[in-house]
1. Binning every alpha carbon pair distance of region B:1-44 at 5 Å from zero, what are the percents per bin?
2. For region B:1-108, what class follows from the C-alpha gyration tensor (a ≥ b ≥ c being the square roots of its eigenvalues): rounded when a/c is under 1.5, otherwise prolate if a/b is larger than b/c, else oblate?
3. Rounded to the nearest 10 Å², what accessible area does B:ARG81 have for a 1.4 Å probe in the complete protein model?
4. What is the local net charge at B:HIS104, summed over the other residues whose Cβ is closer than 10 Å to its Cβ (Lys, Arg +1; Asp, Glu -1)?
5. Let me know the number of lysine pairs in the protein assembly as shown closer than 18 Å at the Cα, not counting same-chain pairs under 8 apart.
6. Please compute, for peptide A:44-56, the average count of beta-carbon atoms on other protein chains lying within 10 Å of each residue's beta-carbon.
7. Return the single residue from B:SER66, B:SER53, B:SER75 with maximal mean-square fluctuation; model: Gaussian network over chain B, springs between Cα atoms under 10 Å.
8. About the Cα centre of the protein assembly as shown, how large is the charge dipole given +1 on each Lys and Arg Cβ and -1 on each Asp and Glu Cβ? Please answer in debye to the nearest 20.
Amino acid sequence: RKEVEQDPGPFNVPEGATVAFNCTYSNSASQSFFWYRQDCRKEPKLLMSVYSSGNEDGRFTAQLNRASQYISLLIRDSKLSDSATYLCVVRGGSQGNLIFGKGTKLSVKP
Amino acid sequence: GAGVSQSPSNKVTEKGKDVELRCDPISGHTALYWYRQRLGQGLEFLIYFQGNSAPDKSGLPSDRFSAERTGESVSTLTIQRTQQEDSAVYLCASSARTGNQPQHFGDGTRLSIL
């Protein structure tokens, strides 16, 4: 099993749609979780951290389910500018390095 | 500058040459990470520094790859005897410390081996 797994997509949605991405991780000792977005040929940028109680930032909601070892990202009222690849990121156990999923590609159409 | 700075932004070199990539982390960030991203692929972890030491270098793909960090600041990633499969974007990231702190990425160095 890969350390961090994501559906690669692409997810093609119309503007205004709600879209959800899931991610699973294999290391039950993982402590830190993040969602990053990466635009084409650009570096990854932090979108939001994921907290145990779930957290929201505007149109974006992140959830963590430790028992099932999955993380989700919900985007409401999609904008064209949301088109990007969304990377699920987990800090692997006691190590300092972050483990990146391969990303889920989102394309929002007019 | 305020962000992570990488140089060069682009590097084209012939197979068999050595290359050196540089990363200037955000001032005060003790943790520094190198990743590789091939075209259309996900990020591949290479090595991580805490201060000047590298507790995890498990991602270095071969002994042609090495990295060092000095002064708890600048890091260089060296690739010796480059091969065509080394062509990728090499990304550097830093964070204030390990644990729950997110990483901030530089723009990357796009390396092309002819």
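The values are calculated or read from the model by the stated rules, or taken from the named source; none is laboratory data. Remember, it's a predicted structure, so these values are computed and weren't measured experimentally. When we count neighbours, we look across all protein chains shown, and the Cβ atoms used for this are built from the backbone with ideal geometry, even at glycine. What goes into the accessible areas is simple: the full protein's heavy atoms, side chains included, and nothing from ligands, DNA or RNA. Shrake-Rupley method; radii C 1.70, N 1.55, O 1.52, S 1.80 Å.
1. Histogramming region B:1-44 at 5 Å steps yields 5, 15, 20, 25, 21, 10, 4, 0 percent.
2. Here region B:1-108 falls in the prolate category.
3. The accessible area comes out at roughly 120 Å².
4. Working: positive: A:LYS45; negative: A:GLU43.
Result for the neighbourhood of B:HIS104: 0.
5. 9
6. Values: counts 9, 3, 5, 1, 1, 3, 0, 1, 0, 0, 0, 0, 0.
Mean partner shielding for this stretch: 2.
7. Greatest mean-square fluctuation among the candidates belongs to B:SER53.
8. 240
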